[in-house]
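For reference, the structure discussed in these notes is given below.
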Amino acid sequence: MSFVSVRNVWQRYGDRSILERVSVTAEEGEFVSIVGASGCGKSTFLRMLLAEERPYKGEISIEGGATAVEPNRERGVVFQKYSVFPHLTVRDNLMAAEGFQTRFGRLRGAARKEAAARADQMLTRIGLSHVAQQFPASLSGGMQQRLAIGQALTAKPRILLLDEPFGALDPGTRLQMHDFLMELRDETNMTVFMVTHDLEEAFKLGDRVLVFDKPRWDPQDPNVIGATITYDFDARHGGMPHQDILDHFPSLAAG
Ligand SMILES: Nc1ncnc2c1ncn2[C@@H]1O[C@H](COP(=O)(O)OP(=O)(O)OP(=O)(O)O)[C@@H](O)[C@H]1O
Ligand SMILES: [Mg+2]
């Protein structure tokens, strides 16, 4: 039994088919990169993995469980746009992520102390101890995104969903974030699904690279047919496949 199992998943909005016949499995600890043209349904796929929305058809199960009906602690998420709270300090941003795990959203007494200790550990882990009392606006993009990742990791999710997490960062910061992410992954054995528009990043970080694309076009109405996984590259050897291979996937270049 696979850790994550997506079976014949379809999604549609109104009369538009976004995804169809999406089937894929992933093992625990695997890093799955996702690429594909803009608008082909990559974020939609992540939202379904997060259980933020339900598939129109099909099943998504974690360790053989039923399709989840709402997000839970097993799944953490980081988006391209910084999802941190601007009115809270860096440290309080991590404390807030802890608070969300309690029923009333507020921590007291011993629980608060433990949460504070965990927040401080996380600050060290993400390299932000020195700016703990600052507000996000005073941080660089890379620091804000490390904070967002720290928030997502506070709940110790077994699955981390990353939607173009480094898209807004400069190339140097991006490389630093790659190292950071690989370290985290080695430590935690998390299963990661990461959407990116950067092919090199997809192959560098991923064990696999999934390509989302429309399998065919209906010239009368492009909305009739949804996208699916048209290719599942083995990327464990690291680098990008030879250009000859990539030439067979024009949607990659467009992405
Ligand atoms: N809640 C929604 N209701 C209606 N249409 C939606 C909804 N969410 C997404 N869509 C549409 O579904 C299609 C797929 O969107 P999605 O955001 O998943 O694409 P994407 O592959 O992530 O694109 P990008 O690379 O630009 O982020 C788009 O045409 C989008 O407009
Ligand atoms: Mg998207």
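The values are calculated or read from the model by the stated rules, or taken from the named source; none is laboratory data. Predicted, not measured: the structure shown is a model, and the values here were computed from it. Please note: Cβ atoms are built from the backbone with ideal geometry, for glycine as well, and neighbour counts cover all protein chains shown. What goes into the accessible areas is simple: the full protein's heavy atoms, side chains included, and nothing from ligands, DNA or RNA. Shrake-Rupley method; radii C 1.70, N 1.55, O 1.52, S 1.80 Å.
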Examine the stretch 23-38 for a residue that is under 20 Å from Arg216 (Cα atoms), exposed (fewer than 14 other Cβ atoms within 10 Å of the Cβ) and within 12 Å of ligand 1 (Cβ to nearest atom), and state whether such a residue exists. yes
Can you confirm whether Val9 is away from ligand 1 (no atom under 12 Å from the Cβ), in contact with a Leu (Cβ under 8 Å, 6 or more places away or on another chain) and open to solvent by 10 Å² or more (accessible area, probe 1.4 Å)? no
If we keep only residues of the stretch 48-86 that are surrounded by fewer than 19 Cβ atoms within 10 Å (Cβ to Cβ) and within 14 Å of ligand 1 (Cβ to nearest atom), then the residue farthest from Gly150 (Cα to Cα) is Tyr56
Among the residues of the stretch 40-65, how many are within 30 Å of Val224 (Cβ to Cβ) and either of a type in the set (Gly, Ala, Ser) or within 16 Å of ligand 2 (Cβ to nearest atom) (or both)? 16
Restricting to the stretch 185-225, and then to whatever is more than 16 Å from ligand 2 (Cβ to nearest atom) and among the acidic types (Asp, Glu), can you tell me which residue is nearest to Leu46 (Cα to Cα)? Asp207
Please go through the stretch 155-175 and pick out each residue that is more than 16 Å from ligand 1 (Cβ to nearest atom) and open to solvent by less than 30 Å² (accessible area, probe 1.4 Å). Ala155, Pro157, Ile159, Leu160, Leu169, Thr173
Out of Ile60, Ile34, sole residue that is aliphatic (A, V, I, L, M) and more than 15 Å from the chain's Cα centre (by Cα): Ile60
Which ones in the stretch 129-144 are modelled with pLDDT under 90 and either open to solvent by 10 Å² or more (accessible area, probe 1.4 Å) or within 16 Å of ligand 2 (Cβ to nearest atom) (or both)? Gly141
Give me the pairs, please: first residue somewhere in the stretch 114-141 and within 18 Å of Leu153 (Cα to Cα), second residue anywhere and exposed (fewer than 12 other Cβ atoms within 10 Å of the Cβ) and among the aromatic types (Phe, Trp, Tyr), beta-carbon distance under 8 Å, and either six or more positions apart or on two chains. none
From Ile126, Ile149, residue being within 15 Å of the chain's Cα centre (by Cα), outside the structural domain of Gly206 (by TED's automatic domain parsing) and more than 16 Å from ligand 2 (Cβ to nearest atom): Ile149
Having 3 or more residues that are under 29 Å from Val90 (Cα atoms) is the bar; report the strands (runs of 3 or more DSSP E) wholly within the stretch 143-230 that clear it. 159-163, 191-195
Would you please name the residue that is modelled with the highest pLDDT, looking only at residues in the stretch 228-244 that are farther than 14 Å from Gly206 by Cβ and open to solvent by 40 Å² or more (accessible area, probe 1.4 Å)? Thr230
